[in-house]
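Read the structure below first, then the notes.
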């Protein structure tokens, strides 16, 4: 009976860890933020990996509607390369359909979108649901008379990067530098899937970078933190939270879904809400 009770407790704990969404509020201050963007709320969604949160994504939508964001950004891996049918990606499509009327949506690809042939189906749904797909592009975000820059980078393993003779990382930085130089010198937000590229973001004078990919380490231990993250290995440096390098602040979401490992431990799914303030 004790063994059965322990098993039941473990199952309930893992279910809670996988499904109880945590809202992380990040107040961000910078003197470059224009007056009209005071208290501007940016909701970051990352690494859904086709996960369902109740019927028609009801659980996650309850939080998003309560947050009332001014902008919604998606930093990659809405879908999972291991689940590649239209039925599998329906949770991502449902979420896109639900959030389109709440706030403008901006999206960048992750490594899973770049690793599956079903991505064109997702991109069609993104565009039909009024999401702006930023594929190595910069746009201006206006509020009243003020403007900030928003740049979205395709993932490091995009085909065009892998074919570059100098390497994917070189192509990524040179492309970001070109976009950055072509935009006015004002407060700039970057959407990029990869937190391990923080040195590039800092080199290019990005003010705030929003990233995912690390899943918070998937498994976290008290007093230890994240155990493993993709492309960072064991005890990753950039797994969750806010990091500073030079004038660049990088905010890393723990994401919502699971990928290779089927469960989260001490690492509940997360929505990140960044509120801009003039310092």
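The values are calculated or read from the model by the stated rules, or taken from the named source; none is laboratory data. Everything quoted here is computed from the prediction, not taken from an experiment. Virtual Cβ from ideal backbone geometry, glycine too; neighbours counted across all protein chains shown.
Just for the range 10-21: of the residues that are surrounded by 15 or more Cβ atoms within 10 Å (Cβ to Cβ) and under 19 Å from residue 273 (Cα atoms), which one is modelled with the highest pLDDT?
First, pick out the residues of the range 10-21 that are surrounded by 15 or more Cβ atoms within 10 Å (Cβ to Cβ): 17-19, 21.
Adding the requirement that they be under 19 Å from residue 273 (Cα atoms) leaves 19, 21.
Working: 19: 94, 21: 97.
Taking the candidates together, the pick is 21.
Kindly indicate which of 246, 225, 257, 212 is under 23 Å from residue 57 (Cβ atoms), out of contact with any strand residue (DSSP E or B) (no Cβ under 8 Å at 6 or more places or on another chain) and in contact (Cβ under 8 Å) with a residue 12 or more places away in the chain.
On the way: 246 fails: under 23 Å from residue 57 (Cβ atoms); 225 fails: under 23 Å from residue 57 (Cβ atoms); 212 fails: out of contact with any strand residue (DSSP E or B) (no Cβ under 8 Å at 6 or more places or on another chain).
That would be 257, the only listed residue that is under 23 Å from residue 57 (Cβ atoms), out of contact with any strand residue (DSSP E or B) (no Cβ under 8 Å at 6 or more places or on another chain) and in contact (Cβ under 8 Å) with a residue 12 or more places away in the chain.
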TODO: Answer yes or no as to whether residue 176 is in a loop (DSSP other than H, G, I, E, B) and either touching a residue at least 24 places away in the same chain (Cβ under 8 Å) or surrounded by 20 or more Cβ atoms within 10 Å (Cβ to Cβ) (or both).
DONE: no
Open item on the list: Quick check on residue 74: is it touching a strand residue (DSSP E or B) at 6+ places or on another chain (Cβ under 7 Å) and either at pLDDT 95 or above or more than 18 Å from residue 262 (Cα to Cα) (or both)?
Closed with: yes
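Looking only at the range 185-194, filter to residues that are in contact with a strand residue (DSSP E or B) (Cβ under 7 Å, 6 or more places away or on another chain) and assigned to a loop (DSSP other than H, G, I, E, B); which one of those is nearest to residue 277 (Cα to Cα)? Before you say what the answer is, go through the steps one by one.
Of all residues in the range 185-194, those in contact with a strand residue (DSSP E or B) (Cβ under 7 Å, 6 or more places away or on another chain) come to 186-194.
Next cut, assigned to a loop (DSSP other than H, G, I, E, B) only: 186-187, 192-194.
Numbers: 186: 15, 187: 12, 192: 22, 193: 24, 194: 25 Å.
That would be 187.
Got a sec? Which of 197, 256 is surrounded by 23 or more Cβ atoms within 10 Å (Cβ to Cβ), in a helix (DSSP H, G or I) and touching a helix residue (DSSP H, G or I) at 6+ places or on another chain (Cβ under 8 Å)? Can you show your working first?
On the way: 256 fails: in a helix (DSSP H, G or I).
Answer to the selection: 197.
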Task: Residue ranges of strands (runs of 3 or more DSSP E) in the range 61-172 with at least 1 members free of Cβ contacts under 8 Å to residues at least 24 places away in the same chain and either more than 18 Å from the chain's Cα centre (by Cα) or on the phi > 0 side of the Ramachandran plot (or both) - done: 137-143
- [ ] Could you please let me know if residue 56 is in contact with a helix residue (DSSP H, G or I) (Cβ under 7 Å, 6 or more places away or on another chain) and either surrounded by fewer than 22 Cβ atoms within 10 Å (Cβ to Cβ) or modelled with pLDDT under 95 (or both)?
- [x] yes
TODO: Return the residue satisfying two criteria in turn: it lies in the range 89-131 and is in contact with a strand residue (DSSP E or B) (Cβ under 6 Å, 6 or more places away or on another chain) and more than 21 Å from residue 156 (Cβ to Cβ), and of such residues it is surrounded by the fewest Cβ atoms within 10 Å (Cβ to Cβ).
DONE: 104
- [ ] Kindly list the number of the only condition in (1) in contact with a helix residue (DSSP H, G or I) (Cβ under 8 Å, 6 or more places away or on another chain); (2) crowded, with 17+ Cβ neighbours inside 10 Å; (3) at pLDDT 95 or above; (4) not in a helix (DSSP H, G or I) that fails for residue 33.
- [x] (1)
